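Structure, as structure tokens:
The values are calculated or read from the model by the stated rules, or taken from the named source; none is laboratory data. Keep in mind that what you see is a predicted model, and the values were worked out from it rather than measured. All Cβ positions, even for glycine, are placed from backbone atoms using ideal geometry, and neighbour counts span all protein chains on display.
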Amino acid sequence: MNALISSQMEALKEFAEGWGRDGPIRFEVYPGQTRPAARDDIIRRPPHILLTNDVMLEYPLIRQAERCAQSSSPCATWPSSA
């Protein structure tokens, strides 16, 4: 599954090559190897496209921090670590 994520990320990078950093569509990778700091960044500022796998997709259902990222309103409290 992670190989598929990697190939899709490369395809998105090629597609967005001319956009620069402030392009109209943001995308991120969210596999199990995602660093905690990068994960927090994704949660605080969700991208338009999130490439992930089935295991990581389950976490928003069981982790409060990821559940907050799905909400349309900010969470009242934010755990320092997920």
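Can you tell me which residue within the stretch 1-31, out of those that are in contact (Cβ under 8 Å) with a residue 24 or more places away in the chain and in contact with a helix residue (DSSP H, G or I) (Cβ under 6 Å, 6 or more places away or on another chain), is farthest from residue 63 (Cα to Cα)? The selected residue is 27.
Among the residues making up the stretch 41-60, those that are free of Cβ contacts under 8 Å to residues at least 40 places away in the same chain, loosely packed, with under 13 Cβ neighbours inside 10 Å and more than 16 Å from residue 23 (Cα to Cα) are 44, 55, 57, 58. Here the helices (runs of 4 or more DSSP H) wholly within the chain that include at least 2 residues being under 16 Å from the mean Cα position of the chain (by Cα), of a type outside the set (S, T, N, Q) and at pLDDT below 75 are 54-62, 64-70.
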